[in-house]
Amino acid sequence: MRLESVTQLEELRNRLLSERDPSKNTIFVCGGTGCLSNGSALVAEAFRDEISAQNIDASVELKMTGCHGFCERGPLVVFRPQGIFYQKVTVKSVPEIVKKTIIEKTHHEQYLYKDPNTKESVTHEADIPFYKHQVRWVLGHNGKIDPTNIDGYILENGYSALSKVLTTMQPDEIIDQIEKSGLRGRGGGGFLTGRKWRTTKKAEGEVRYIICNGDEGDPGAFMDRSIMEGDPHGVIEGMIIGAYAIGSSKGYIYVRMEYPLAVKNLLKAIEDARAYGLLGKNILGTPLSFDIEINRGGGAFVCGESSALMTSIMGKAGEPRAKYIHTSEKGLWDMPTNLNNVETWANVPLIISNGPDWFSSVGTQNSKGTKVFSLVGSVKNVGLVEVPMGLTLREIIFDIGGGIIKDRKFKAVQTGGPSGGCIPEQYLDIPVDFDELSKLGSMMGSGGMIVMDENTCMVDVARYFINFLVDESCGKCTPCREGLRQMLTILTRITKGEGRAEDIKILEDLGDGMIWGSLCALGGSAPNPVLTTIQYFRNEYEAHIEKKQCPAGVCTELISLSINPDACIGCRRCAKVCSVSAIAGENKKPHVIDQKLCIRCRACYEVCPVDAVIIT
Amino acid sequence: MEIPMTIDFSKVDQIVQKYEHNASKVILMLQDIQTEFRYIPQEAVTRLSENLRISESQIFHIATFYKAFSLTPRGEHEVRVCLGTACHIRGGKRISDGFERSLNLKAGETTPDAKFTLETVNCLGACALAPLVQVDEENYGKMTIEKIETVLKQYRK
């Protein structure tokens with residue numbers, strides 16, 4: 001059914017609303033990647049079977065939604081309207097959960113979240129500390145709608161921002177509002193979105209293109225994935241509004257190849273939007289014509305860089321170009337092009353619907369609104385969190401994240417992906433926004449937040465990022481290509497205990513040259529992980545170089561493993577996993593590691609149930 | 001698994017047809033070819049080059065630039081060990097070393113029986129499951145060295 005006018009869209013919404021029974025029980029099963037891997041598809045099927053078996057189809061509905069965020073506790077299931085939140089739900093538990101929640105109208109205690117501090121059960125999602133400190137705007141639909149059903153999106157006020165702009169706003173007014181809201185690019189650069197739109201609109205060209213950058217390549221980041229998978233229409237609606245404001249008739253969404261579900265859900269959403277006349281010629285009967293094409297990436301990190309991404313869309317190897325040619329003036333096929341990140345696009349309908357003042361009421365002076373972070377690494381509550389700009393790192397990591405796993409000591413938090421840096425404990429109380437993170441030598445990046453504890457070696461982390469970048473540098477310009485190679489050589493020898501006294505200085509000089517000489521942002525920010533770890537953890541570098549020690553016990557060449565005979569219970573587990581048969585010992589008697597055979601793979605350390613394996 | 005000796009290259013023509021001979025879609029065509037043959041055969045490049053009227057070297061530039069493409073046949077099952085940051089600090093490297101020992105090869109290689117190809121990847125974007133291993137489409141989260149054999153066993157049949 002094609003909608004021929006804004007009125008018809010509103011009529012559809014009203015009809016859907018009148019058909020909805022707010023008292024109907026709905027079971028929301030998380031279909032995010034984390035929960036799916038933990039078996040949530042099977043859990044959903046079990047719920048479906050149980051609903052049929054109990055013959056309650058008429059009063060209970062099941063929805064598979066996008067990522068709820070609390071990946072650590074998956075599979076997650078929420079019952080609405082009751083708002084009961086179940087975690088770590090198993091297929092076996094389903095009949096009992098249905099019986100208690102729907103038939104007996106109470107809840108199943110065993111699958112509720114238990115606060116690790118108070119040991120008390122928490123029934124409602126909103127009361128769980130992980131969610132309590134969050135402000136879920138962009139992720140508002142995730143967990144509430146079925147991303148493959150356009151009607152579900154329309155029911156939740158979807159495409160009402162589009163209605164609003166088409167009936168009441170001129171293109172320039174939209175740009176004014178986006179600019180006034182203070183929205184800055186969520187992909188890393190933090191450029192003012194409204195200003196970018198205006199430049200593209202003013203640039204001369206027969207056609208204008210808009211692009212959504214879904215090539216989320218920063219390791220440790222999966223916000224954009226969850227938005228594309230869980231709320232594809234939110235991104236599409238943002239792009240249509242952008243197209244109207246900028247005067248574009250063609251858009252591209254570039255999705256990295258590792259995200260097949262995002263491609264699938266976006267394709268379905270585009271198809272449904274076309275069928276409703278929300279994409280294509282004469283959208284909602286207005287003169288606006290705009291359509292979107294999906295481009296799957298080929299697995300190259302550099303394609304997240306805007307000019308490389310455009311080269312890739314044009315069917316070439318994704319090599320960046322110099323920055324003095326502005327995308328807004330000469331982008332795709334040399335035409336004015338506006339490129340924004342997934343999360344930026346998803347913010348647009350919210351700003352239009354609620355107004356720029358609503359948006360800018362949250363945040364810090366120069367960073368407005370919320371930001372989605374993927375909180376991962378050595379933190380208890382791993383998952384996807386959305387917080388107001390300006391919350392402190394401590395609040396994010398300890399209040400929402402629940403602190404460090406096994407209550408180990410916090411060492412650093414890495415933000416900004418390979419272009420970012422490692423922030424040490426003394427800065428945990430800084431408010432998180434674009435400017436504060438840059439001041440510390442790191443950056444906001446796309447929103448990966450990787451927490452590291454005392455068992456992480458910072459030299460190894462620096463080496464890890466440089467190794468990643470050596471692999472991903474496109475090789476076009478010398479400072480990046482060769483600078484990275486030299487850095488890797490030096491860092492490798494440091495982690496092997498062959499570091500030289502002058503190595504730290506050479507690394508700093510190399511970093512300086514790369515910052516000034518590289519063609520694109522990848523090379524220009526590549527030294528950050530090295531420079532920040534030198535700045536904040538110089539003692540670890542010195543320990544490797546001067547004492548030939550790895551204080552965190554990570555660098556293979558600098559450690560040795562042994563078994564504490566007093567703690568060992570002789571369970572043979574370590575001997576079984578040892579791939580080089582270096583562990584000897586009889587059942588129930590202390591084991592011994594043969595240092596000559598040991599390859600220090602730490603398999604024994606990992607499996608020991610009583611922590612008897614010691615790293616020195 | 002055996003690599004078929006004769007490859008049906010009319011599939012290449014169909015793929016080109018699907019994208020209406022549009023040379024700017026060559027990356028998408030190569031993706032389809034990779035899915036179809038599990039690698040990019042030399043003959044397919046020639047066929048593509050003739051069809052699209054772009055040089056073979058240009059196609060090879062693309063095929064070697066992007067990690068999605070392989071110029072040698074991949075194994076029946078692809079094991080991808082994630083080495084994203086979250087996986088790295090939770091011991092991803094030890095897991096990939098473990099797979100190398102179990103499969104008796106180095107990352108990037110294929111077993112002689114063409115059963116497995118082992119790859120390390122830079123981030124699969126499922127960081128909450130770190131350390132993560134993906135076999136074909138299936139994710140195995142919170143991997144340990146002890147679980148490696150259990151995972152491989154399912155695909156060894």
## Note on the structure
Every listed condition ((1) surrounded by 17 or more Cβ atoms within 10 Å (Cβ to Cβ); (2) β-branched (Val, Ile, Thr); (3) without any contact (Cβ under 8 Å) to a residue 12 or more places away in the chain) holds for residue A:118 save (1)
### Query
Which residue pairs have Cβ atoms under 6 Å apart, sit 6 or more places apart or on different chains, and have a first residue in region A:449-466 that is more than 8 Å from every other protein chain (Cβ to nearest Cβ) and of a type in the set (Asp, Glu) and a second that is buried (at least 24 other Cβ atoms within 10 Å of the Cβ) and not in a strand (DSSP E or B)?
A:453/A:378
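Is region A:337-358 home to any residue that is within 23 Å of residue A:34 (Cα to Cα) and either in contact with a Lys or Arg (Cβ under 6 Å, 6 or more places away or on another chain) or of a type in the set (S, T, N, Q) (or both)?
yes
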### Query
Which one of these does residue A:513 not meet: (1) of a type in the set (Gly, Ala, Ser); (2) assigned to a helix (DSSP H, G or I); (3) in contact with a strand residue (DSSP E or B) (Cβ under 9 Å, 6 or more places away or on another chain)?
(3)
## Note on the structure
Taking region A:598-616 and keeping residues in a loop (DSSP other than H, G, I, E, B), out of contact with any Cys (no Cβ under 8 Å at 6 or more places or on another chain), within 14 Å of chain B (Cβ to nearest Cβ) and surrounded by fewer than 16 Cβ atoms within 10 Å (Cβ to Cβ) leaves A:599
### Query
In region A:526-551, how many residues are surrounded by fewer than 21 Cβ atoms within 10 Å (Cβ to Cβ), outside any helix (DSSP H, G or I) and of a type outside the set (S, T, N, Q)?
3
#### Entry: Qualifying positions in region A:473-494 - within 13 Å of chain B (Cβ to nearest Cβ) and surrounded by 22 or more Cβ atoms within 10 Å (Cβ to Cβ)
A:473, A:474
### Task
Please work out which residue is nearest to residue A:65 (Cα to Cα), limiting yourself to region A:196-220 and to residues that are among the β-branched types (Val, Ile, Thr) and touching a strand residue (DSSP E or B) at 6+ places or on another chain (Cβ under 6 Å).
A:211
### Query
Can we say residue B:100 is outside the structural domain of residue B:37 (by TED's automatic domain parsing), closer than 26 Å to residue A:216 by Cα and either modelled with pLDDT of 90 or more or within 16 Å of the chain's Cα centre (by Cα) (or both)?
no
### Task
Would you mind telling me which numbered condition in (1) of a type in the set (Gly, Ala, Ser); (2) within 14 Å of chain B (Cβ to nearest Cβ); (3) touching a helix residue (DSSP H, G or I) at 6+ places or on another chain (Cβ under 6 Å) residue A:190 fails?
(2)
### Summary
Selection over region B:11-44 where residues are basic (Lys, Arg), facing chain A (nearest Cβ under 10 Å) and not in a helix (DSSP H, G or I) yields a count of 0
### Query
Hey, residue A:342 hits all of (1) under 22 Å from residue B:131 (Cα atoms); (2) of a type in the set (A, V, I, L, M); (3) at pLDDT 95 or above; (4) crowded, with 24+ Cβ neighbours inside 10 Å but one; which does it fall short on?
(1)
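So that you can scan it fast, the table gives a plain yes or no per residue for (1) more than 8 Å from every other protein chain (Cβ to nearest Cβ); (2) assigned to a loop (DSSP other than H, G, I, E, B):
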residue: B:46; (1), (2): yes, no
residue: B:64; (1), (2): yes, no
residue: B:67; (1), (2): no, yes
residue: B:75; (1), (2): yes, yes
residue: B:79; (1), (2): yes, no
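Filter region B:81-120 down to the residues that are of a type in the set (Val, Ile, Thr) and away from every other protein chain (no Cβ under 14 Å), then identify the one that is nearest to residue A:462 (Cα to Cα). Even if it seems obvious, please write down each step before you answer.
Of the residues in region B:81-120, the ones of a type in the set (Val, Ile, Thr) are B:81, B:85, B:89, B:95, B:110-111, B:117, B:120.
Applying the additional criterion that residues be away from every other protein chain (no Cβ under 14 Å) yields B:110-111, B:117.
Details: B:110: 30, B:111: 32, B:117: 28 Å.
Out of the qualifying residues, it is B:117.
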#### Entry: Elements of type helices (runs of 4 or more DSSP H) in region A:221-311, at least 1 residues being within 12 Å of chain B (Cβ to nearest Cβ), of a type in the set (Asp, Glu) and in contact with a strand residue (DSSP E or B) (Cβ under 9 Å, 6 or more places away or on another chain)
A:223-230
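The values are calculated or read from the model by the stated rules, or taken from the named source; none is laboratory data. Values in this document were obtained by computation on a predicted structure and should not be read as measured data. Virtual Cβ from ideal backbone geometry, glycine too; neighbours counted across all protein chains shown.
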